[in-house]
1. Once you treat every alpha carbon in the protein assembly as shown as an equal point and sum by Debye, what is log10 I(q)/I(0) at q = 0.12, 0.13 Å⁻¹?
2. Could you size up the charge dipole of the stretch B:133-229 around its Cα centre, putting +1 on the beta carbon of Lys and Arg and -1 on that of Asp and Glu, and report it in debye to the nearest 20?
3. Give me the distance in nm between label points sitting 7 Å out from Cα along the Cα-to-Cβ direction at A:V60 and A:D30, one decimal.
4. Under the rule of at least 5 residues apart or a separate chain, name every residue whose amide H is placed under 5 Å from the amide H of B:G169.
5. Could you run the Karplus curve 6.51 cos²θ - 1.76 cosθ + 1.60 with θ = phi - 60° over the stretch B:19-32 and give me ³J(HN,Hα) per residue in whole Hz, x for Gly and Pro?
6. Please report, in debye to the nearest 20, how large the charge dipole of the protein assembly as shown is about its Cα centre when each Lys and Arg carries +1 at its beta carbon and each Asp and Glu carries -1 there.
7. Determine the shape class of chain A: with a ≥ b ≥ c the square roots of the Cα gyration tensor eigenvalues, call it rounded for a/c under 1.5, and otherwise prolate if a/b is greater than b/c, oblate otherwise.
8. Could you tell me how far the Cα centroid of the stretch B:139-155 sits from the Cα centroid of the stretch A:9-24, in Å?
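Every read-out reported here was derived from the displayed coordinates using simple, explicitly stated rules and does not represent laboratory data. As the structure is a computational prediction, the values presented were derived from the model and not from experiment. Cβ: placed from backbone, ideal geometry, glycine included. Neighbour counts: every protein chain shown.
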Amino acid sequence: MPGAKPARPTIALQMQAVPMRNQRITVLEDAEGISLTQVLSYGWWLRPLQRLLHLPTQRVYRLEGIAVGVWKMLDDKAPIGAIVEAFAIQHSLSYHESRAMLMTYLRVLVNRGVIAIVGFDHGVDEETMAI
Amino acid sequence: MGDAVSRSEAEVLPAYMRRLRALTWNGFGFTLPVRWEVTGYGLKPALGRFQFHDRAQAMGELSWRTLAGAPDLPRMMGDVLRRYLAAEQPEAVAGFQAATCQRQGEWLLAWHGPGAPLLAGLWKENQHILLQWFIPGFSPERLQQVQALLDTYRHNERDPKEWRIFGLGLSLPSSFAVESLEAQSAYCTLRLENPASHQVVARRIGMVTQTLGGSNLGECYRRILNRSQARVLAVQEETFHGHPAWRLDFERKGVHRMDALSGRWWQGQGWMWLDASEGRLYSCEQCGPPRSPRLDLAHAWR
C-alpha cells in the first residue's frame with residue numbers, strides 16, 4: 001500500500017532551504033550576462049549513437065538582467081529567505097511579492113538542472129504561491 | 001504598547017508597503033498590522049477567506065460565510081477550540097469547559113490558552129454573513145495585536161463600496177461585484193463588473209524599469225490593453241491624482257446580449273500613471289455598453 005502523500009512544506013520551511021549551484025556547470029560571465037554550460041550525458045545504450053544522431057553534447061543557458069543578479073545571490077550558503085529579503089529590498093517589492101517571483105524562477109532553474117534546493121524534497125506549496 | 005510599536009513601525013515603512021496595509025472587501029475593512037501580507041485567498045461571496053503571513057510565519061486567516069440565521073457565536077467558537085484541542089493537545093480536552101470570551105468593539109474574541117488558536121467572530125445581520133478570524137498560537141502579545149487589528153474594523157456595505165487589496169483601491173457603486181483578482185509577483189489586477197457588464201479594471205505593477213523596458217507609459221499601457229483584446233483609439237498625456245499619467249481611449253468587442261452577437265465595439269478609457277514615491281505603475285480603466293453611465297475614475301480611485 002502506498003504511503004500517505006507527504007505534507008507540503010510550509011513557507012517557513014521553504015524559506016530555510018538552501019539553493020545550491022550544480023557544480024558540473026561551467027559559468028562564463030561577460031558584459032551582457034552569464035552563460036551556464038551544462039555537459040549532457042547519455043545512457044550507455046545511446047552513447048554509441050550520439051555522434052551518429054548528432055545529439056548535442058552540451059546545453060547552454062543564458063542569464064541576463066535580473067536573472068544575473070539572482071544567480072549571483074546563489075552562493076550555496078544563503079537560505080531562500082535571505083535571498084528573498086535581499087531581492088525585495090533591491091527591487092522595492094514586498095516580502096511575498098519577492099518570494100513568489102523568486103520561487104517561480106528557482107523552480108525553473110531546478111527543472112533545468114542548474115541548481116538543486118537542499119532542505120525540502122517534495123515541491124513547494126502551490127496554494128500559497130499565489131502572491 | 002504593541003499598538004504603539006506597530007504605529008512607529010508603520011511610520012518608517014517604505015511608501016510601496018504602506019498601501020498594502022489596507023484591506024477592504026465585501027462588507028468589511030481593516031488596516032493590517034505592519035508586515036502582514038495577504039498570501040492566499042478564496043473569493044466566493046458565500047464562502048471565502050484571506051490568509052495572512054508576516055515574512056515566513058502564518059499570522060491568521062479571515063473567513064466569511066453566509067448563514068440563514070444568526071449563529072450562537074460563543075458556542076460555535078467553543079466547539080472550534082474543543083475540536084482543535086482534541087486534535088492537537090488531547091491532554092487539554094478534559095480540562096476544557098468553555099472558551100474565555102471578551103468583547104472587542106462589535107467583535108467577540110475567544111481563546112483557551114497558550115498554543116491554542118485565538119478566534120474572533122462577528123455576525124453581520126444585514127448581510128447574513130459571519131466573519132471569523134482564526135489566529136494561530138494564542139499569547140498575550142498576539143491578543144494585543146489582534147485587539148488593535150479589530151479596532152481598525154470598518155463597515156463596507158453602503159453605497160459606494162470600497163475594494164482595497166494588494167495596494168489597489170476603488171470606491172464603486174454597490175452594483176459592482178468582483179469578477180476576478182489576479183495576484184502575480186509585482187503585478188496585481190482587480191476586475192469588477194456590474195450586472196450591465198460595465199467593467200472597471202485596476203492594476204498595480206512593480207519593477208518599473210523592467211516593465212517599461214525603455215518605452216514610455218503610453219506605449220506600456222497600449223501593450224497591456226492590446227493583450228486584453230482592446231483596440232487603442234487615442235493616447236494623451238495627462239495627470240491622474242497629481243501623478244504624470246497617460247490617458248488611453250480604446251474599444252473592445254461587446255460581451256453582452258445583442259452587442260456580442262452583432263460584434264459591436266464598446267468604448268472605454270483608462271489611465272496609467274507612475275507613483276514615483278512608491279516606484280509603482282498603476283492603471284485604472286472602464287469599458288461597458290454604450291448606454292451604461294460612465295464613472296469618474298479619478299473619483300473612484302482610492
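1. Per q value, in the given order, log10 I(q)/I(0) is -1.14, -1.25.
2. Details: 11 positive and 9 negative charges, 57 e Å.
Once rounded to the nearest 20, the dipole reads 280 debye.
3. 0.7
4. B:R302
5. Listing the rounded values in order: 5, 5, 6, 7, 10, 10, 9, 5, x, 8, x, 9, 9, 6 Hz.
6. Details: 48 positive and 42 negative charges, 225 e Å.
It works out to roughly 1080 debye.
7. Values: a/c = 2.64, a/b = 1.33, b/c = 1.99.
Taking the square roots of the gyration eigenvalues as a ≥ b ≥ c, chain A is oblate.
8. 34
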